[in-house]
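Enquirer: I am attaching a structure below and will ask some questions about it afterwards.
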């Protein structure tokens, strides 16, 4: 009788806990709950001059009532409805709630819940148990940031998008291709800035995710073209406006260039330099896609989206919420956020600090507009340098530049446990 060899079973690693979890949870959960209550019942309910929700809700009500959706005057500086017809169709159920205040409060609550759930999923993706103190500490710290506060105060959809991003990363790591494609496709439908993230399933050969990621926004827009009143106005009126770089409340590099009157050659030079750093960082990180999947997926996502915020025609500080998955890599063995420079960057794109100064009023105003620009640019630099150092260091550790990259997770596991 012969026996064929059986490969040793490899169980999923047990979620990590800490000896300080009981104390940490006792401190962090009350703080997290109180901060969430304050952000919702005080800051968000009170609102602010900037109001993203009314613009969206009014457009959705026009859709429900059969009135042309894209009927705004774009030379006014008020928030404008910029979602494409497919996204309008997706968000249409919100327009059927006829009570404005109820709709707004529900929308804020759903976004707050989405942020909490996203942080729970990111906690697990980073290898920690939900019963550890990581989840509540992360929630409490997030409530102190500009991006979370203004997402709730302005009543926009960023919280839901963060949850969709976290689900997509979970799908990439766990090879749930079709679900990941649907989720990232819906995110792209709402905010096309997520389109570069299709690079992740492309290099992982998760074809279902790539196909659905492309087809979902295409199908929604095709159907919406016949259902959304005045859908063609999106092409003739809204898209030209989207192609412009506005000179107010714009933290992107093009926004900074137009604000300060930067020469075109200088703007193009900086654009190419930072674009090259983003591209080279992404390529240098590729070697970790199989050996350290969450680190690779979150860090690549972070640098790609930061590049979008920094280099596109419009970048706003509260977009920085999408960098949270990258920050969660801090809890692993390798992370850009093990470097203090990354935390200097995080201060500039996450801090709600104001810079009002009677002595230096111009500098204070510049910082209000462009602190996020500084932070995003610095994060791109530190990610590029870190990725390059890891790339060179790992090649040297292998002994030869031509040594192959280990792509067998079982081999990697056995090697680590040997």
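Enquirer: Please compute the modelled spin-label separation between residue 65 and residue 280, points set 7 Å along Cα→Cβ, answer in nm with one decimal.
Expert: 5.5
Enquirer: Write down the Kirkwood hydrodynamic radius of the stretch 58-134, to one decimal in angstroms, obtained as one divided by the mean of 1/r over all alpha carbon pairs.
Expert: Every distinct Cα pair counted, the radius reaches 15.2 Å.
Enquirer: Still on this model: So if R0 is 30 Å, what FRET efficiency would residue 355 and residue 45 give, r being the distance between their Cβ atoms, rounded to the nearest 0.05?
Expert: Once the sixth-power term is evaluated, E becomes 0.65.
Enquirer: Compute a Gaussian network model of the chain, connecting alpha carbons closer than 10 Å, and tell me which residue from 251, 312, 320 fluctuates the most.
Expert: 312
Enquirer: Largest first and in whole Å, what are the equivalent-ellipsoid semi-axes of the stretch 245-418 based on the Cα gyration tensor, each being the root of 5 times an eigenvalue?
Expert: Semi-axis lengths for the stretch 245-418 are 36, 17, 12 Å.
Enquirer: What full-extension length gain, to one decimal in nm, is calculated for residue 117 and residue 38 as 0.36 nm per residue of separation minus the Cα-Cα distance?
Expert: Separation in residues times 0.36 nm, less the Cα-Cα distance, equals 26.6 nm.
Enquirer: When the chain is fully extended, how far beyond the present Cα-Cα distance does residue 219 get from residue 106, taking 0.36 nm per residue of separation?
Expert: Stretched out fully, the residue 219 to residue 106 stretch lengthens by 37.9 nm.
Enquirer: Give me Rg over Rh for the stretch 93-140, both radii from the alpha carbons and Rh done the Kirkwood way, two decimal places.
Expert: We get a ratio of 1.21 for the stretch 93-140.
Enquirer: Under the classification rounded if a/c is under 1.5, otherwise prolate if a/b is larger than b/c and oblate if not, where does the stretch 107-186 fall, given a ≥ b ≥ c as square roots of the Cα gyration tensor eigenvalues?
Expert: Oblate is the answer for the stretch 107-186, as a/c is 1.5 or above yet b/c matches or exceeds a/b.
Enquirer: May I pose another question? Testing the spin-label approximation: label points 7 Å from Cα along Cα→Cβ at residue 265 and residue 211. State their distance in nm.
Expert: About 5.0 nm separates the two model spin labels.
Enquirer: Could you work out the relative contact order of the stretch 245-418, using alpha carbon pairs under 8 angstrom and six or more residues apart, expressed as a whole percent?
Expert: Worked out over the stretch 245-418, it gives 28 percent.
Enquirer: Over the stretch 44-244, what portion of Cα pair distances is larger than 22 Å, expressed as a whole percent?
Expert: When every Cα pair of the stretch 44-244 is considered, 54 percent fall beyond 22 Å.
Enquirer: With 10 angstrom as the radius, rank 204, 398 by how many other C-beta atoms surround their C-beta, starting from the fewest.
Expert: Arranged by neighbour count, lowest to highest, 204, 398 become 398, 204.
Enquirer: Now a separate question. With springs only between Cα atoms under 10 Å, which of 123, 55, 101 fluctuates most in a Gaussian network model of the chain?
Expert: Maximum among the listed residues: 101.
Enquirer: Applying 1/(1 + (r/R0)^6) with R0 = 25 Å to the Cβ-Cβ distance of residue 96 and residue 199, what FRET efficiency is obtained, to the nearest 0.05?
Expert: In this case the efficiency is close to 0.10.
Enquirer: Given a Förster distance of 60 angstrom, what is the FRET efficiency for residue 368 paired with residue 178, based on the Cβ-Cβ distance and rounded to 0.05?
Expert: 0.85
Enquirer: To make sure I understand, if each residue's beta carbon is the centre and we count other beta carbons within 10 Å, what order do 176, 205 fall in, fewest to most?
Expert: 205, 176
Enquirer: Of the candidates 388, 90, 360, which one comes out as most mobile in a Gaussian network treatment of the chain with C-alpha springs shorter than 10 Å?
Expert: 360
Enquirer: How far, in degrees from 0 to 90, does helix 340-350 lean away from the longest principal axis of the Cα atoms of the chain, to the nearest 10?
Expert: Compared with the principal axis, the helix lies near 30 degrees.
Enquirer: What order do you get for 277, 239 when you list them from fewest to most C-beta neighbours inside 10 Å?
Expert: 239, 277
Enquirer: Restricted to Cα positions, what overall size does the chain have along the principal axes? Three whole-Å values, descending.
Expert: Taking the Cα atoms of the chain, the three principal extents are 78, 56, 46 Å.
Enquirer: Right, something else. Sticking with the crude label model, points 7 Å out along Cα→Cβ, report the distance from residue 290 to residue 124 in nm, one decimal please.
Expert: If labels sit at residue 290 and residue 124, their model points lie 2.7 nm apart.
Enquirer: Based on the inverse mean of 1/r over its pairs of different Cα atoms, what is the Kirkwood hydrodynamic radius of the stretch 129-242, in Å?
Expert: Roughly 16.1 Å, rounded to one decimal.
Enquirer: Something else now. Give or take rounding to whole Å, what are the principal axis extents of the alpha carbon atoms in the stretch 219-281, in descending order?
Expert: 44, 29, 19
Enquirer: Roughly how far apart, in whole Å, are the Cα centres of the stretch 129-191 and the stretch 192-212?
Expert: Centre-to-centre distance over Cα atoms comes out at 17 Å.
Enquirer: Taking the Cα centroid of the stretch 42-109 and of the stretch 267-302, what is the distance between the two, rounded to the nearest whole Å?
Expert: Using only Cα atoms to place each centre, the spacing works out to 35 Å.
The numbers here are math on the coordinates, done by the rules we state, and not lab data. Note that the coordinates shown come from a computational prediction; the quantities given were computed from them, not determined experimentally. Here Cβ is always computed from backbone atoms with ideal geometry, including for glycine, and neighbour counts include all displayed protein chains.
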